[in-house]
Amino acid sequence: MHDHKISTKFTVFESSDELSATEQELLQKAIEIRDSAYAPYSGFNVGASVLMQNNEVIVGNNQENAAYPSGVCAERVAIWSAMSTFPDGKIKKIFISARSDKTAVDRPVAPCGACRQAIAEYETKQHQDIEIFFTGEFGEIVKANSIKDLLPWMFDNSMLS
Ligand code: THU
């Protein structure tokens, strides 16, 4: 018997001023699309922007449903749109921003488990790490260099064979 320890790493930016110009634009796109999310039930609006290897940017926001589980998160809307449009494309970066109608979201909002699994699928497929940046409406921006830092010991297709 032995213990196994996994450590993960994140970079914390105090403000968007610390991001590159490209990253600031990507964050802005996530914020813009966040504010047109369809979230009448939770009042929690999330936006995501995806930078592809070919420099195309695809955005998405959360789409809720009166049958609650039928709704989908912003990250998966953006990622699936990106991969439908560019099926052989590679994702370089994803930016996520969240805002609430009820409270000031002043801490970073990390992607949910299902969205982490979706990001993991494409990181595995493309054999190239995906940078994940997430924030609230105000405050710090957190960056993970790979989904492996957000979803250590993940399930992937290597376990199917
Ligand atoms: N949501 C996202 O869009 N992304 C996440 O990573 C977490 C949650 C959405 C789903 C739902 O529409 C609302 O936020 C409240 O959970």
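Percent relative contact order of the chain, based on C-alpha pairs within less than 8 angstrom and at least six residues apart?
Numbers: 330 pairs, mean separation 37.7, N = 161.
Relative contact order comes out at 23 percent.
Go ahead and estimate [θ] at 222 nm for the chain from helices alone: -39,500 (n - 2.57) per DSSP H run with n ≥ 4, summed, over the residue count, rounded to 500. If you can, show how the numbers build up before the last one.
Details: 3 runs with 40 residues, N = 161.
Helices in the chain give a 222 nm mean residue ellipticity of -8000 deg cm²/dmol.
Grab the other residues whose beta carbon is less than 14 angstrom from that of Lys90, score K and R as +1, D and E as -1, and report the net.
-3
What does the accessible area per residue of the chain come to in Å², with a 1.4 Å probe and no ligands, DNA or RNA counted?
That works out to 55 Å² for each residue.
Could you tell me whether region 32-105 comes out rounded, prolate or oblate from its Cα gyration tensor? Rule is a ≥ b ≥ c as square roots of the eigenvalues, rounded for a/c under 1.5, then prolate if a/b exceeds b/c, otherwise oblate.
Numbers: a/c = 3.37, a/b = 1.74, b/c = 1.93.
Oblate is the answer for region 32-105, as a/c is 1.5 or above yet b/c matches or exceeds a/b.
Could you please report the charge total around Asp101, scoring K, R as +1 and D, E as -1 over all other residues with beta-carbon less than 14 angstrom from its beta-carbon?
That works out to 0.
For the chain, please report how many Lys pairs fall under 20 Å Cα to Cα, leaving out neighbours fewer than 8 apart on the same chain.
19
Using the Kirkwood radius over C-alpha pairs as Rh, can you work out the diffusion coefficient of region 83-148 via Stokes-Einstein at 25 °C, viscosity 0.890 mPa s, in µm² per second?
Using the Kirkwood radius from Cα pairs, D works out to 192 µm²/s.
For the chain, give me the percentage of DSSP beta bridges that are antiparallel, rounded to the nearest 5 percent.
80 percent
Counting Lys and Arg as +1 and Asp and Glu as -1, what is the net charge of the other residues whose Cβ lies under 9 Å from the Cβ of Lys148?
-3
Can you report the principal axis dimensions of region 64-105 using only the alpha carbons, biggest first, rounded to whole angstrom?
Answer, in whole Å and largest first: 39, 26, 11 Å.
With charges only on Cβ, +1 for K and R and -1 for D and E, what is the dipole size of region 97-145 about its Cα centre, in debye, rounded to 20?
Numbers: 6 positive and 8 negative charges, 23 e Å.
Taking the Cα centre of region 97-145 as origin, the dipole is about 120 debye.
So what does log10 I(q)/I(0) come out to for region 10-160 at q = 0.09, 0.10, 0.18 Å⁻¹, using the Debye formula with one equal point on every Cα and no solvent?
Per q value, in the given order, log10 I(q)/I(0) is -0.25, -0.31, -1.04.
For region 75-92, just list the computed ³J(HN,Hα) in residue order, Karplus coefficients 6.51, -1.76 and 1.60, θ = phi - 60°, integers in Hz, with x standing in for Gly and Pro.
In residue order, the calculated couplings are 4, 6, 4, 5, 5, 5, 5, 4, 7, 6, 6, 10, x, 9, x, 10, 8, 8 Hz.
The values are calculated or read from the model by the stated rules, or taken from the named source; none is laboratory data. A quick note: this is a predicted structure, and the numbers were derived from the prediction, not measured. Here the Cβ is made from the backbone with ideal geometry for all residues, glycine too, and neighbour counts use every protein chain on show. Areas reflect the complete protein model, heavy atoms only, side chains present, ligands, DNA and RNA absent. Shrake-Rupley method; radii C 1.70, N 1.55, O 1.52, S 1.80 Å.
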